[in-house]
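The values are calculated or read from the model by the stated rules, or taken from the named source; none is laboratory data. Here the structure is a predicted model, which is why all the values come from computation and not from measurement. Note: ideal-geometry Cβ built from the backbone for every residue, glycine included; neighbour counts use all protein chains shown. Surface areas here come from the heavy atoms of the whole protein model, side chains and all, with no ligands, DNA or RNA. Shrake-Rupley method; radii C 1.70, N 1.55, O 1.52, S 1.80 Å.
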Amino acid sequence: MGATSPAPVLGIEDIAAMDTFGLTRTDAARALGVDVRTISRGIEDGSLPSVRIGRRVLIPRLPFLALFGAAND
């Protein structure tokens, strides 16, 4: 059985270029180089903005970028 390759890195520049409203926890984790559980804790404690749509939780892209000083005006 072959080893799985790591997910490609998703940079803040990649997120800024997206045209979607929200990011998944996985996208946010890849962009920041942290574990998905870290993103989940940030959502739970309110340090990361989030929107619940049904059972799905999304992180609004523009507020996420603004947190890191990468939002385009």
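Ordered by solvent-accessible area of protein heavy atoms (1.4 Å probe), largest first, the residues 25, 55, 61, 37 come out as 55, 37, 25, 61.
Placing +1 on the Cβ of every Lys and Arg and -1 on the Cβ of every Asp and Glu, with no other charges, gives the range 34-73 a dipole of roughly 260 debye about its Cα centre.
The gain in end-to-end length when the residue 17 to residue 40 segment is fully stretched comes to 5.9 nm, 0.36 nm per residue minus the alpha carbon separation.
Computed with a 1.4 Å probe over protein heavy atoms only, the accessible area of residue 40 comes to about 20 Å².
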